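What follows is a set of notes on a single structure, which appears directly below.
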Amino acid sequence: MALTFEVITLFPGMVRGVFSESIISRALKAELIQVNFTDPRDFTTDNHRSVDDKPYGGGPGMVLKPEPFFKAVESIDERVTIPPEKTRRLLFTPQGRPLKQKDFRNLAQAECLYLLCGHYEGFDERIREGLGFEEVSIGDYVLTGGEIPAMTVIDGVTRLLPGALGNEESIADESFESGLLEYPQYTRPFDFRGMKVPEVLLSGNHAEIEKWRRKESLRRTQSRREDLLNDSSE
Ligand code: ADE
């Protein structure tokens with residue numbers, strides 16, 4: 001069963017790019033994933049096809065109107081046949097819960113992901129309250145919209161699907177999968193501009209190599225991301 005991404009965006013062209021190269025493009029061709037785009041602007045009724053308006057109470061900027069977003073989501077609900085318990089509905093906002101690798105693993109179990117992107121301005125609160133979406137963030141910084149966060153989820157979730165990467169083992173050792181950052185990796189040449197590969201990696205002693213990798217993982221996590229060592233949620 002393919003995982004279907006239902007992307008709701010005013011700028012589908014931005015998100016299409018992630019499906020046209022490399023691993024994600026291969027996954028699409030292999031039908032591990034599918035994607036549909038829905039543009040809320042197609043659900044406006046006024047001559048200007050406006051999707052935003054001035055905020056009640058005054059203040060700078062514009063606010064995304066509820067109607068085009070509700071209608072866009074309802075049009076997907078009518079078309080999609082995947083049951084709600086196999087569907088997750090995400091709304092991207094810097095005010096959302098920060099996503100972690102563990103969340104990507106859970107999202108990869110779903111059969112359908114609704115990805116709702118705003119752009120520039122805030123959502124009318126009734127979009128947040130009335131559509132039953134989980135509000136999620138990809139980090140503590142502000143982007144121009146939810147399109148890059150949506151691409152982040154598409155990329156991070158697709159690579160976890162069985163068959164997407166080719167080499168299933170490669171996931172297990174990665175950063176965050178064990179709660180630690182990944183250990184240093186080397187390939188040939190042994191000596192590059194005077195920088196040599198650690199001898200233990202040439203020893204052929206697999207127990208010693210494992211021990212070294214674990215130690216380097218811990219050392220790297222301790223010095224760069226001490227917060228991960230105290231994080232029981234991983
Ligand atoms: N929209 C703008 N910035 C964002 C962020 N950091 N995460 C999710 N959605 C966003």
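The values are calculated or read from the model by the stated rules, or taken from the named source; none is laboratory data. If you're wondering where the values come from, they're calculated on a predicted model, not measured in any experiment. We place every Cβ from the backbone using ideal geometry, glycine too, and count neighbours over all the protein chains shown. We work out accessible area using only protein heavy atoms, side chains counted, and drop any ligands, DNA or RNA first. Shrake-Rupley method; radii C 1.70, N 1.55, O 1.52, S 1.80 Å.
For this structure, a couple of remarks:
- Computed from phi, the 3J(HN,Hα) profile of region 28-39 under the Karplus parametrisation 6.51, -1.76, 1.60 (θ = phi - 60°) reads 5, 5, 7, 6, 6, 9, 9, 9, 10, 10, 10, 9 Hz, with x in place of Gly and Pro.
- Dipole of the chain computed with +1 at Lys/Arg Cβ and -1 at Asp/Glu Cβ about the Cα centre; of GLY122, GLN34, GLY58, farthest Cα towards the positive end is GLN34.
- Lysines whose Cα lies under 30 Å from that of LYS211, excluding same-chain neighbours fewer than 8 positions away: LYS100, LYS102, LYS196
- Restricting region 1-104 to GluC sites (Glu not before Pro) that sit in a DSSP loop and have at most 16 other Cβ atoms within 10 Å of their own Cβ leaves GLU21, GLU31.
- Principal axis dimensions, largest first and in whole angstrom, of the chain by Cα: 72, 41, 36
- Per-bin percent of Cα-Cα distances, region 1-118 [10 Å]: 12, 37, 35, 14, 2, 0
- Accessible surface of region 3-158, 1.4 Å probe, proportion on carbon and sulfur as whole %: 50
- Solvent-accessible area, 1.4 Å probe, carbon plus sulfur percent, for region 172-232: 49
- Each Cα pair under 8 Å and six or more residues apart adds its separation to the average, and for region 58-185 the resulting relative contact order is 29 percent.
- Think of a 1.4 Å ball rolled over the protein heavy atoms: the chain then has 59 Å² of accessible area per residue.
- Across the chain, Cα pairs under 8 Å and at least six residues apart give a relative contact order of 20 percent.
- Each residue of region 136-147 was assigned a 3J(HN,Hα) from its phi angle through the Karplus curve 6.51 cos²θ - 1.76 cosθ + 1.60 (θ = phi - 60°); the sequence is 10, 10, 9, x, 8, 7, 10, 9, 6, x, x, 5 Hz, with glycine and proline shown as x.
- Considering only LEU180, TRP212, LEU228, and ranking their Cα positions along the charge dipole of region 172-232 that arises from unit charges at the beta-carbon of Lys, Arg, Asp and Glu, the one farthest toward the positive end is TRP212.
- Where both bridge residues fall in the chain, DSSP classifies roughly 20% of the beta bridges as antiparallel.
- About its Cα centre, the dipole of region 1-42 is roughly 120 debye, where the only charges are +1 on Lys and Arg Cβ and -1 on Asp and Glu Cβ.
- Accessible-area order (highest first, 1.4 angstrom probe) of the listed residues MET195, MET151: MET195, MET151
- Charge dipole (debye, nearest 20) of region 3-158; +1 at Cβ of Lys and Arg, -1 at Cβ of Asp and Glu: 400
- Of PRO189, LEU90, VAL136, farthest towards positive along the dipole that unit charges on Lys, Arg, Asp, Glu beta carbons give region 87-234: PRO189
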